[in-house]
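Step one of this worksheet: look at the structure below.
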Amino acid sequence: MLGKVKVAGAENEVESRGKGLDEVTNEELTRKFSMAFEEQFHYGCFYAYLKLKEQEIKNVAWLAELIIMDAPRNLPGWNKVVVPFMYHVNDDADLNN
């Protein structure tokens, strides 16, 4: 998981092409929470659902900040959205790349 983290540089968060530690952690947690729905019914599904909804709210807030900053569409910051509910147990590939 830490192999995906970029080296810290002088770039700001919108213009950086690599993934920071928080982004990699969010992607990994989103993948795990999405896979909670693949097993039998248990109370972890409710917790995972709330956490995935929280991630959706973070995504909307991030996109709203980009719109407020009037960021050009070609910046890599537009691609830093982690899509919940897109991972499955049999998917080993990183779907955001």
For this session: Out of the residues in segment 52-80 that are of a type in the set (D, E, K, R) and within 15 Å of E23 (Cα to Cα), state the one that is surrounded by the most Cβ atoms within 10 Å (Cβ to Cβ).
Result: K80
Exercise. So which residues in segment 62-88 are hydrophobic (A, V, I, L, M, F, W, C) and within 11 Å of T30 (Cα to Cα)?
Worked result: V82, V83, F85, M86
For this session: Please find, within segment 33-50, the residue that is surrounded by the most Cβ atoms within 10 Å (Cβ to Cβ) out of those that are in a helix (DSSP H, G or I) and out of contact with any Lys or Arg (no Cβ under 9 Å at 6 or more places or on another chain).
Result: S34
Exercise. Counting only residues that are at pLDDT 85 or above, among the aromatic types (F, W, Y) and closer than 17 Å to V83 by Cβ, which one in segment 19-68 is farthest from the chain's Cα centre (by Cα)?
Worked result: Y49
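The values are calculated or read from the model by the stated rules, or taken from the named source; none is laboratory data. Fair warning: this is a prediction, and the values are worked out from it, not measured in the lab. Heads up, the Cβs are rebuilt from the backbone with ideal geometry, glycines too, and the neighbour counts pull from every protein chain shown.
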